[in-house]
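S.K.: My structure is below; once you've seen it, I'll send some questions.
Read the figures in this text as sums done on the coordinates, not as results from a lab. Worth saying up front: this structure is predicted, and the values here are computed from it rather than measured.
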Amino acid sequence: MKIFMLTFLMFFSLTLNSFAGVEVHEFSDPEHEKIFTKLVNELRCLVCQNQNLADSNAELAQDLRKEVFQMIQKGQTSDEIVEFMVARYGDFVLYRPPFKAQTLILWLGPFIILLSAVVFLLVFIRKKKQTEETALSDDDKQYAESLLNTLSDEKDNKK
């Protein structure tokens, strides 16, 4: 009976979650629908940060989708909507931010990290080669051998 109740509760909760994110927007013009689809796919969800507005179920993403829909219904162009979003949330709201001084780290950051990793790897490899190439001198070998002999003699004396 417990298994049945647990299964029922799991099914019920999954069913409720599947209906939670459904939004329907009625467009009077198919061109407006294309603009809406393009914009919600190009704008980033500020909560999720790795999803666009179309894929995110965050409350902010839902609000931004409604905002985009209303702006399109008012007759604003996609450029005006993007300018509004950038003015309000910054360049981070764009999946492809423009190349300028404020976004320089976004564009060059991955290359800087890759370059520093390669430099670190090269330095590490060179240091490892230097330690491997260090050979013992004849005096060092004789000293190590005498220590080993001393240790083995002490072991033999203890037996």
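S.K.: Amide H neighbours of Cys45 under 5 Å, counting only residues 5+ apart in sequence or on other chains, H built in-plane at 1.01 Å?
M.R.: Result for Cys45 returns Gln51, Asn52, Leu53.
S.K.: With a/c under 1.5 counting as rounded, go ahead and sort the stretch 22-98 into rounded, prolate or oblate using the C-alpha gyration tensor (a ≥ b ≥ c being the square roots of the eigenvalues; past the cut-off, prolate if a/b is larger than b/c, else oblate).
M.R.: The shape class here is oblate.
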